[in-house]
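A.B. asks: Provided herewith is a single structure, encoded as structure tokens, for subsequent inquiry.
The values are calculated or read from the model by the stated rules, or taken from the named source; none is laboratory data. Keep in mind that this is a model prediction, so the values were computed, not measured. As a convention, Cβ positions derive from the backbone with ideal geometry for all residues, glycine included, and neighbour counts pool all protein chains shown.
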Amino acid sequence: MLNKHLILFFFLIGIFQLNAQQAHVNLDWAPQRTGGSLKPFMANTISPEVTDDHMVTFRLKAPEAKEVSVSGTVMRSLKSNNPIKLTKGADGLWSVTVGPVTPEIYKYNYVVDGVRIVDPANTYVGFANQPGYSVLVVHGDGPAWYDAKDVPHGSITRHIYQSDVTNGQREMYVYTPPGYDKSKKYPVLYLFGGSGEVASTWMLTGRVNFIMDNMIADGTVVPMIIAMPNNQVVHRMDPKHTEISFPKFNDEMLQEVIPLVEENYSVKADKHNRAISGLSMGGRHAQIIGLNNLDVFGSIGILSAAESLDLIKPGVLDDPKINDKIDYLFIGAGTNETTPESRQTLMHQTFEDKNIEHEYYIGSAGAHDFITWKHLLYYKFLPKLFKTN
């Protein structure tokens, strides 16, 4: 198998995690905390700056700009529906102080004379849709459940492999729990990102490896392997994206991803020890692939995803024995993205009407973002996986 799959090992306590903005020394749980006067390397100002009372100062050096504002998921904590304007100083430095902001990890952008940009003084950045975004870390009184703590850490391996489905080289990241022992067998969660995201999204932005490390240390989850493949199989802007993407990724999972995992890791290779989950478009993938392959997957987690039941094979949802074929079915979304007409609400109602057993949960302070998706994994989905196997 090794002649087909090139395996690159990155044993991480956080190689791919974003290091402290100011120092780049440790995986700091308060990287943007006020302290000292040292600017980030190559930056001309300090931004953002976070105080222990959760006030945040944004700064941008832009002497020729006419108008600067800041927007992003941080606005929700500030209960603002509109971008917040920065004020220009005599030295051309724009700034604004806001808060208090609830401790969390937020996305934000500056809008400079109508153009959305990242914060050039902030080394914490992310991407999915374009343009990219800057990351604001508002710390609490200590490391959060999604931060790197002083606990045993698992490892993440990056796999580069040839896919006959997409006819090219692809990548997948695989988390193995602390103390991974090849003489033991582990259950596997296959976890997907959303539109425009890539295989590293759940690791970089979702911090799923740190979440798992902390939950394993607390004894709240079954130690498991998490496989994070790239679920983009056709250009996102292709006019036939939906028509092509879903069946093609189904083939990628069954023909490439699962065989790679099961040939290279010590896993329990039965449906009761395979789970599938994803966010947004990845939630649709999990929904469609999971329900269409109930002989392969026992548990399904659908996070902030649209109902795609028209793509489920005829008869599956009306099977009188369907509840016997599913170990755990979860539908979850954020409080600030859910109304009685929301897509997750409609899916829940459909499953209710068909008497399909599932857990339906709306929670977190987030909307369609990683504030929600981290929350759903930590508080609901992960603790209930593989408990009876």
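A.B. asks: Taking THR388 as meeting all but one of (1) surrounded by 14 or more Cβ atoms within 10 Å (Cβ to Cβ); (2) hydroxyl-bearing (Ser, Thr, Tyr); (3) in contact (Cβ under 8 Å) with a residue 60 or more places away in the chain; (4) closer than 25 Å to VAL221 by Cα, write down the number of the exception.
C.D. replies: (1)
A.B. asks: Still on this structure: Could you check, for segment 379-387, whether at least one of its residues is in contact with a strand residue (DSSP E or B) (Cβ under 8 Å, 6 or more places away or on another chain), at pLDDT below 95 and not hydroxyl-bearing (Ser, Thr, Tyr)?
C.D. replies: no
A.B. asks: In segment 223-264, what count of residues is obtained for those that are among the small types (Gly, Ala, Ser) and modelled with pLDDT of 90 or more? Please lay out each step first, then the result.
C.D. replies: First, pick out the residues of segment 223-264 that are among the small types (Gly, Ala, Ser): 227, 245.
Next cut, modelled with pLDDT of 90 or more only: 227.
Residues flagged as among the small types (Gly, Ala, Ser) and modelled with pLDDT of 90 or more within segment 223-264 amount to 1.
A.B. asks: Further, regarding this structure: Find all pairs meeting these conditions: Cβ atoms under 8 angstrom apart; at least six residues apart or on different chains; first residue within segment 185-199 and closer than 10 Å to ARG274 by Cα; second residue surrounded by fewer than 23 Cβ atoms within 10 Å (Cβ to Cβ) and modelled with pLDDT under 95.
C.D. replies: Here the result reads PRO187/ASN389, each pair linking segment 185-199 to a residue that is surrounded by fewer than 23 Cβ atoms within 10 Å (Cβ to Cβ) and modelled with pLDDT under 95.
A.B. asks: Could you grab me the full set of residues in segment 85-133 that are within 28 Å of THR201 (Cα to Cα), among the polar types (S, T, N, Q) and in contact with a strand residue (DSSP E or B) (Cβ under 6 Å, 6 or more places away or on another chain)?
C.D. replies: ASN109, ASN122
A.B. asks: Across segment 341-353, what is the total count of residues that are surrounded by 13 or more Cβ atoms within 10 Å (Cβ to Cβ) and either charged (D, E, K, R) or not assigned by TED's automatic domain parsing to the domain that holds LEU376 (or both)? Walk me through it before giving the result.
C.D. replies: From segment 341-353, those surrounded by 13 or more Cβ atoms within 10 Å (Cβ to Cβ) are 342-351; that's our starting set.
Next, only the ones that are either charged (D, E, K, R) or not assigned by TED's automatic domain parsing to the domain that holds LEU376 (or both) stay: 343.
Total meeting the criteria: 1.
A.B. asks: Another question, then. In the list GLY92, GLY140, which residue meets the criterion of being closer than 28 Å to TYR378 by Cβ and in contact with a Pro (Cβ under 7 Å, 6 or more places away or on another chain)?
C.D. replies: Details: GLY92 fails: closer than 28 Å to TYR378 by Cβ.
Step by step, each of GLY92, GLY140 is checked, and only GLY140 is closer than 28 Å to TYR378 by Cβ and in contact with a Pro (Cβ under 7 Å, 6 or more places away or on another chain).
A.B. asks: Quick one: which of GLY196, GLY179, GLY142 is in a loop (DSSP other than H, G, I, E, B) and either in contact with a Lys or Arg (Cβ under 7 Å, 6 or more places away or on another chain) or closer than 28 Å to GLN232 by Cβ (or both)?
C.D. replies: Details: GLY179 fails: either in contact with a Lys or Arg (Cβ under 7 Å, 6 or more places away or on another chain) or closer than 28 Å to GLN232 by Cβ (or both); GLY142 fails: either in contact with a Lys or Arg (Cβ under 7 Å, 6 or more places away or on another chain) or closer than 28 Å to GLN232 by Cβ (or both).
Checking each option against the conditions leaves just GLY196.
A.B. asks: Can you tell me which of (1) closer than 21 Å to ASN323 by Cβ; (2) in contact with a Phe, Trp or Tyr (Cβ under 7 Å, 6 or more places away or on another chain) is the one LEU260 doesn't meet?
C.D. replies: With respect to (1) closer than 21 Å to ASN323 by Cβ; (2) in contact with a Phe, Trp or Tyr (Cβ under 7 Å, 6 or more places away or on another chain), LEU260 is out only on (1).
A.B. asks: Would you tally the residues in segment 310-339 being closer than 28 Å to ALA365 by Cα and in a helix (DSSP H, G or I)?
C.D. replies: 3
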